[in-house]
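Have a look at the structure below, then the notes.
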Amino acid sequence: MRIGVLHPGEMGVSVAQALADSGHEVGWVRNDRSSATQARAAPFTGFDNLAELLETAQAVISVCPPHAAEAQAREVAAAGFAGVYVDANAVSPATAARIAEVVGAGYVDAGIVGPPALTPGTTRMYVSGPRAEEVQSWFGAGALTVVRMAGDLTAASALKMAYAAYTKGSSALLLAVNALAEATGVRDVLAQEWAISQPGLSKRSERTAAATSRKAWRFAGEMQEISQTFSEAGLPGEFHAGAAQLYERMAGLKDLPAAELELVLQHLLEDL
Ligand SMILES: NC(=O)c1ccc[n+]([C@@H]2O[C@H](COP(=O)([O-])OP(=O)(O)OC[C@H]3O[C@@H](n4cnc5c(N)ncnc54)[C@H](OP(=O)(O)O)[C@@H]3O)[C@@H](O)[C@H]2O)c1
């Protein structure tokens with residue numbers, strides 16, 4: 001098949017590679033993309049603009065920052081695309097349902113768990129809805145595992161929200177706790193207490209700072225989607241709305257090397 005990937009970021013390019021490994025021709029769109037995306041996507045077929053890609057593509061997989069997912073779908077639908085459209089972004093079931101309405105019968109919901117799929121067994125793309133089996137069948141080879149879910153059209157998005165609510169939510173909580181201890185002058189004593197009663201948390205704080213600093217700019221949108229998912233399920237959404245605000249404060253770390261905890265705390269506290 002000819003399948004477009006919008007866009008080949010770190011995760012998107014690994015999805016593109018899994019498709020290529022499974023024998024498909026993978027296309028991407030050059031315009032508006034950074035030099036980093038252009039370099040990552042170089043092994044695949046580049047098109048100058050979306051209209052050119054959609055002229056030949058039978059299917060599209062959207063893998064972009066969550067805050068851009070709906071606009072991305074609207075752009076593809078506005079171009080009259082009638083093929084299969086897989087939204088693999090970290091969005092709430094409600095956002096996924098809106099995207100499904102925009103896209104129509106070709107919509108397939110997906111949610112990716114794990115790091116970019118470079119090694120088999122590390123990364124799963126959950127798919128749901130009536131055409132999920134079709135999407136699963138595209139991935140005969142490659143490092144990405146595709147898991148078909150029973151349930152609603154947007155079950156894959158719900159699963160992604162629940163998963164990331166804990167992983168990225170607990171990372172935000174740990175960084176916030178460090179910032180609180182710093183702001184109130186008790187960080188040294190907290191570290192001593194953690195060494196006694198919560199061994200590993202100091203090291204985990206450092207690792208969390210380094211692992212989140214460059215991605216926080218896109219985690220904020222994901223936290224808002226999670227907050228909305230909690231609210232729609234009748235649960236308090238404020239926890240992840242707070243996490244979104246914390247990650248927004250870290251957005252300036254995007255293009256720097258992985259940050260040390262001290263620098264992350266400066267960003268978290270500078271708005272206070
Ligand atoms: N990375 C992971 O470990 C991971 C894990 C699970 C799920 N995911 C899912 O995959 C999605 C993408 O992650 P990633 O790691 O590939 O991110 P990434 O490396 O930051 O790549 C994002 C891609 O989207 C493009 N983009 C940036 N702004 C955009 C916009 N406003 N509209 C459309 N495209 C835009 C970027 O292009 P330019 O940079 O060229 O502008 C880049 O090609 C995430 O939102 C998440 O839902 C990722």
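Values quoted throughout were computed directly from the atomic coordinates according to the rules given, and no laboratory measurement underlies them. Since the structure is predicted, the reported quantities are computational estimates derived from the model, not experimental observations. Quick reminder, even Gly has a Cβ in these numbers, built from the backbone with ideal geometry, and neighbours come from all protein chains shown.
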Rounded, prolate or oblate (a/c below 1.5 giving rounded, otherwise prolate when a/b exceeds b/c) for the chain by Cα gyration tensor: prolate
Cross-link reach from LYS203 to lysines, straight Cα distance under 23 Å and at least 8 residues apart if same chain, gives LYS168, LYS215, LYS254
Using only the Cα atoms of the range 2-153, build the gyration tensor, take square roots of its eigenvalues as a ≥ b ≥ c, and label the shape rounded, prolate or oblate: rounded if a/c is under 1.5, else prolate if a/b is larger than b/c, else oblate. rounded
How big is the charge dipole of the chain about its Cα centre, in debye rounded to the nearest 20, if each Lys and Arg gets +1 on its Cβ and each Asp and Glu gets -1 on its Cβ? 460
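Run through the DSSP bridge list for the chain and note the antiparallel percent, rounded to the nearest 5. Let's see the in-between values first.
Values: 5 of 27 bridges.
Once the DSSP bridges in the chain are tallied, antiparallel ones form about 20 percent.
What is the extension gain from SER35 to ALA150, computed as 0.36 nm multiplied by their sequence separation minus the C-alpha to C-alpha distance, in nm to one decimal?
Between SER35 and ALA150, full extension yields 37.5 nm more.
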Taking the Cβ of HIS67 as the centre, find all other residues whose Cβ is under 12 Å away and add up their charges (Lys, Arg: +1; Asp, Glu: -1). -3
For the range 158-269, the dipole about the Cα centre with charges only on Cβ (Lys and Arg +1, Asp and Glu -1), to the nearest 20 debye, works out at 320
Give me the log10 of I(q) over I(0) for the range 158-269 at q = 0.19, 0.21 Å⁻¹, as the Debye formula computes it from C-alpha points; what are the numbers? -0.95, -1.09
Taking the chain and dividing mean pair separation by its residue count, relative contact order in percent (alpha carbons under 8 Å, at least six apart): 15
Please identify which residues in the range 57-87 have an amide N closer than 15 Å to a label point set 7 Å out from the Cα of ARG2, following the Cα→Cβ vector. 57-61, 81-84
Place +1 on the Cβ of every Lys and Arg and -1 on the Cβ of every Asp and Glu in the range 118-222, take the dipole about the Cα centre, and give the residue among ALA179, ALA132, PRO120 whose Cα lies farthest towards its positive end. PRO120
Using a 10 angstrom cutoff on alpha carbons, build the Gaussian network for the chain and name the most mobile of GLU193, GLU232, GLU133. GLU193
Take ALA191 and GLU238, extend 7 Å from each Cα along the Cα→Cβ direction, and tell me the distance between the two endpoints in nm. 3.2
